[in-house]
Amino acid sequence: MSRLEHIAQQRLEKLENIRRKGINPYPPSYHRSHTTQEAVALFEHQERSSQAVPNPELSLAGRITASRLMGKITFLDIRDGSGKIQLYFSHDLLGNEKYEFLHNLDTGDIIGARGKLFRTKTGEITLEVTDFTLLSKSLQPLPEKWHGLVDIEKRYRQRYLDLISNEEVKPIFALRSQIITALRHFLNEQGFIEVETPVLQPLAGGALARRFKTHHQALDQDLYLRIALELYLKRLIIGGFDKVYEIGRVFRNEGISTKHNPEFTMLESYQAYADYNDVMKLVEDLVSHIAKEVVGKTDIKFGDEIINLAPPWQRLSLREAIKEHCNIDFEDYPEADSLRTRMEQLGIEVDPNKDRGRLVDELISTFVEPKLIQPTFLIDYPVEMSPLAKRKRDNEHLVERFEAFIGGMEIANAFTELNDPLEQEKRFEEQKEMQATKLTMAKSGAEEPEIDVVDEDFLLALEYGMPPTGGLGIGIDRLVMLLADKQSIREIILFPQLKTK
């Protein structure tokens, strides 16, 4: 029997001993009067008060994180969702039977305790316990050093242990909640309406990505987990909502990395009578507002960098940025083959199946994106990369699109939305043809995205007329990474996707 198995066996024996005493080790409820931090704040307020204030009896509850038995005196530390506090148990105050019951408790057990607060000789605020109740017996020991669980895979796979063991983890997810709250408040104040659109869709459109597929038995129909929120939100703009947004999960059956999880959280917003210039202002105002709300300032630390999120942000032409960082002018190479040849001449390994748009995207991710530390809008993309964006007013080969980068990673993507139904149909058909060609060229058995069916219902909706519209997508997870100063997406997702053991 291993050491951990021996400890677990001892805990089971204690559990049986508790049951033999007629005590329920898992009672249905417990009334606590205060959280640990509320109790501490109350006591400190009483100490500061110039008037004599009675010291009330409190009831607290939490998980035991440390114990110190010293004969007829025992100290336990308990932790709840707000913090930790010390408990003081005295044989003289509790009596022999109640005090001896402490031997049935272990680190990790959850207890409730009643008593009055005082300060010890060392100055620590402590509850002098007059009664206590076991609320949940822990049958598994906490990690050897509960205050520092460092096994990365165990932290992600057993997030509950991570939250119990590492004090710095819970504030990350509290921060995430605050970021989403601040985001909602900002958009609501701007007149946007929050909506919900289908997660299961007959066609997973709005982005180029491999999809997750399922089957609905009653309808006898294949459905897809959405890869974007876009096409349904645009239907709402057509229907007469001028400003809409959705915060929702999207799903892409692709790679996993420090910046990618198969399911992630997106904000998408659409604003009638706006273009990508209006959306740029919206983004820089939104992100700087969130930073001020949740961290109190617009200068933030990310890795070794200090990043200033205050508007205005830098605006760079995509064409000029690529020319600067790898000496390729993509307008000199209007075909995929010529651009691929030029990239190979520079020693860049190139997938022969990638189209021109994906080749340009590779140039961005390889040479440009890592250099964009301070907030930057890359603007005006080749039309092949953006089938849902409107052509640039003075250059038909480009579209009015931007991506926002901070800390060397993309956090937002936005367009002046294409609202010409005939042009949109043509773009969809061209995209479908490119995918078909790619499949034909691919080696037999290679995993490739399925060919998209043209979304006829969306095209029909466009034929009823969509006003000029600015659309935006922001990756919530990456925004949280930025404001939490975390380099891996797994640190800011409660339950990241892992391979099943």
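Taking only protein heavy atoms and a 1.4 Å probe, the accessible area of the chain is 50% carbon and sulfur. Scoring 96-105, 475-484, 266-275 by mean Cβ neighbours within 10 Å over their residues and listing the highest first yields 475-484, 266-275, 96-105.
Placing unit charges on each Cβ (+1 for Lys and Arg, -1 for Asp and Glu) gives the range 166-219 a dipole about its Cα centre, and among Thr197, Leu187, Ala218 the Cα reaching farthest toward its positive end belongs to Ala218. Each residue, Arg48 and Ser257, gets one label point 7 Å from its Cα in the Cβ direction; the gap between the two is 5.0 nm. Counting Lys and Arg as +1 and Asp and Glu as -1 over every other residue whose Cβ lies under 14 Å from the Cβ of Glu293, the net charge comes to +2. On a per residue basis, the chain carries 50 Å² of accessible surface, using protein heavy atoms and a 1.4 Å probe. Straight Cα distances below 27 angstrom link Lys21 to the lysines Lys72, Lys98, Lys137, with same-chain residues fewer than 8 positions distant left out. Across the range 356-371, no residue has a backbone nitrogen under 11 Å from the label position 7 Å along the beta-carbon direction of Glu320.
The distance linking the range 56-118 with the range 467-490 is 44 Å (Cα centroid to Cα centroid, whole angstrom).
Put simply, when 196-206, 220-230, 405-415, 252-262 are sorted by average Cβ atoms within 10 angstrom per residue, most first, you get 405-415, 220-230, 196-206, 252-262.
Charge dipole (Cα centre; +1 on Lys/Arg Cβ, -1 on Asp/Glu Cβ; no other charges) of the chain amounts to roughly 2720 debye.
Compared with the dominant Cα axis of the chain, that is its longest principal axis, helix 36-48 is turned about 60°. Using alpha-carbon pairs under 8 Å, 6+ residues apart, how would you state the relative contact order of the chain in percent? Over the chain, the number comes to 12 percent. Taken over the range 178-315, lysine pairs spaced eight or more positions apart, or on distinct chains, with alpha carbons under 19 Å apart number 6.
Per-residue packing, averaged as other Cβ atoms within 10 Å, sorts the ranges 83-94, 46-57, 345-356 into the order 83-94, 345-356, 46-57, beginning with the highest. Rounded to the nearest 10 degrees, the angle from helix 170-189 to the longest Cα principal axis of the chain is 50 degrees.
Here the Karplus curve 6.51 cos²θ - 1.76 cosθ + 1.60, taken at θ = phi - 60°, turns the phi angles of the range 403-410 into couplings of 10, 9, 10, 9, x, x, 9, 6 Hz, with x standing for Gly and Pro. Note on the range 194-277: with charges restricted to the Cβ of Lys and Arg (+1) and Asp and Glu (-1), its dipole about the Cα centre is near 260 debye.
The values are calculated or read from the model by the stated rules, or taken from the named source; none is laboratory data. The structure presented is a predicted model; accordingly, all values stated were derived computationally and were not measured. As a convention, Cβ positions derive from the backbone with ideal geometry for all residues, glycine included, and neighbour counts pool all protein chains shown. Keep in mind that these areas ignore ligands, DNA and RNA; they rest on the heavy atoms of the full protein, side chains included. Shrake-Rupley method; radii C 1.70, N 1.55, O 1.52, S 1.80 Å.
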